[in-house]
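The values are calculated or read from the model by the stated rules, or taken from the named source; none is laboratory data. What you are looking at is a predicted structure, and each value in this text was computed from that prediction instead of being measured. Virtual Cβ from ideal backbone geometry, glycine too; neighbours counted across all protein chains shown. SASA here: full protein model, heavy atoms, side chains in, ligands and nucleic acids out. Shrake-Rupley method; radii C 1.70, N 1.55, O 1.52, S 1.80 Å.
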Amino acid sequence: KDIHKKDYVGIPRCNITKININPEFARFLGYYLAEGSIKYSHRPHICGICLTFNYNEDHLIKDVCNIIKKEDITSYSIYNRKNKNTKEILIYGKKFAEKIVSLCGKGCDGKRLNKKIFLYDNASKTELLKGLFLGDGCKRKTINRGYRYTLSTTSKQLAKDVQGLFIQLGVCPSFSMHKNSHKKECYMVMINGTDINLLADFCDYSSRKRYRVTNNNIFIPINSISKKHFTGIVYNLEIDQEHAYIAEDIAVHNCEAGYVSLKLL
């Protein structure tokens, strides 16, 4: 009831680094999330992974090949699919494939980020996002807000995980859902203006940020407030010490009345 327009809501960044890895491997994870699928000797036995790129994306294919040469894999092959206007990189090796699946999941709807990835160093998190957006991102100019870089995926969990990585890096993306031509739900993660430079430092895009960043939080201004009637059970959550928790990425707090009544009991 005390919130007003032009106040700010806080999104905790929770940016903790505990794992340092090769940033190139992190970029490969991004490529897999965008273009990867699993190969089986016979289900459910995994024997490798396949990355499928557009026929003209030779620079990405070359980058992938340079990365996997440094990894513990059996072998790999490149196939031209001219009838589909694509090129495929087949990477053989059960151990390597299972490692990738454990970190990123499998299937269009089942891809997600393992919790370990949120503990990667910032350089590796950035490279993962670069690989993902290079594979599946779309840059375009909008009428009102300059340039926009958009990722679209059918995995809601992956979209929310990507949003979480951006927040850790001090960038607040937009999140939305739409239905594609097959009436399947697709989730979009979008960054705008100078935020694009995190992933594409060769670009000179500029626009005014709508949020403020500190070491621990991102603060977003409240542009409008609406009320809705609700009928049903309301639960009061009791959290130890600070009595605060995160809901939909935003920091929230126990209601004071519930907190007092619990203390009285």
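Laid out as a table, the results:
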{"read-out": "Every residue from the range 154-175 that is in contact with a strand residue (DSSP E or B) (Cβ under 6 Å, 6 or more places away or on another chain) and more than 28 Å from residue 216 (Cβ to Cβ)", "value": "154"}
{"read-out": "Every pair of residues 6+ apart whose Cβ atoms lie under 7 Å, when the first sits in the range 27-41 and is hydrophobic (A, V, I, L, M, F, W, C) while the second is not in a helix (DSSP H, G or I)", "value": "33/111; 38/46; 38/49; 38/106"}
{"read-out": "Within the range 13-32, considering residues that are crowded, with 16+ Cβ neighbours inside 10 Å and touching a strand residue (DSSP E or B) at 6+ places or on another chain (Cβ under 8 Å), the one nearest to residue 253 (Cα to Cα)", "value": "13"}
{"read-out": "Identity of the residue in the range 40-55, in a strand (DSSP E or B) and under 26 Å from the mean Cα position of the chain (by Cα), that ends up farthest from residue 80 (Cα to Cα)", "value": "46"}
{"read-out": "Residues being open to solvent by 10 Å² or more (accessible area, probe 1.4 Å), touching a strand residue (DSSP E or B) at 6+ places or on another chain (Cβ under 9 Å) and touching a residue at least 24 places away in the same chain (Cβ under 8 Å) - total across the range 131-140", "value": "4"}
{"read-out": "Criterion (at pLDDT below 90 and of a type outside the set (S, T, N, Q)) met by exactly one of 46, 3", "value": "3"}
{"read-out": "First in the range 166-181 and within 13 Å of residue 209 (Cβ to Cβ), second anywhere and open to solvent by 30 Å² or more (accessible area, probe 1.4 Å) and outside any strand (DSSP E or B), Cβ under 7 Å, 6 or more apart", "value": "170/13; 171/198"}
{"read-out": "Selection from the range 144-153 of residues that are more than 12 Å from the chain's Cα centre (by Cα) and either among the acidic types (Asp, Glu) or open to solvent by less than 40 Å² (accessible area, probe 1.4 Å) (or both)", "value": "146, 149"}
{"read-out": "Residues within the range 106-130 that are surrounded by fewer than 20 Cβ atoms within 10 Å (Cβ to Cβ) and among the hydrophobic types (A, V, I, L, M, F, W, C), tallied", "value": "4"}
{"read-out": "Extreme residue, least open to solvent (accessible area, probe 1.4 Å), among residues of the range 162-172 that are under 10 Å from the mean Cα position of the chain (by Cα) and not aliphatic (A, V, I, L, M)", "value": "166"}
{"read-out": "Subset of the range 1-54 (residues that are of a type outside the set (A, V, I, L, M, F, W, C) and touching a helix residue (DSSP H, G or I) at 6+ places or on another chain (Cβ under 6 Å))", "value": "13, 15, 18, 23, 24, 27, 30, 31, 32, 35, 48, 52"}
{"read-out": "Boolean, residue 191 is in a helix (DSSP H, G or I), in contact with a Cys (Cβ under 9 Å, 6 or more places away or on another chain), modelled with pLDDT under 95 and among the β-branched types (Val, Ile, Thr)", "value": "no"}
{"read-out": "Any pair with Cβ under 7 angstrom, 6 or more apart, that starts in the range 5-25 at a residue that is under 20 Å from residue 121 (Cα atoms) and part of a loop (DSSP other than H, G, I, E, B) and ends at one that is hydrophobic (A, V, I, L, M, F, W, C) and at pLDDT 90 or above", "value": "13/167; 13/218; 16/119; 17/119; 18/119"}
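Residues are listed down the side, and each one gets a yes or a no for (1) small (Gly, Ala, Ser); (2) surrounded by fewer than 16 Cβ atoms within 10 Å (Cβ to Cβ); (3) farther than 30 Å from residue 18 by Cβ:
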{"site": "53", "(1), (2), (3)": "no, no, yes"}
{"site": "72", "(1), (2), (3)": "no, yes, no"}
{"site": "101", "(1), (2), (3)": "no, no, no"}
{"site": "142", "(1), (2), (3)": "no, yes, yes"}
{"site": "160", "(1), (2), (3)": "no, no, no"}
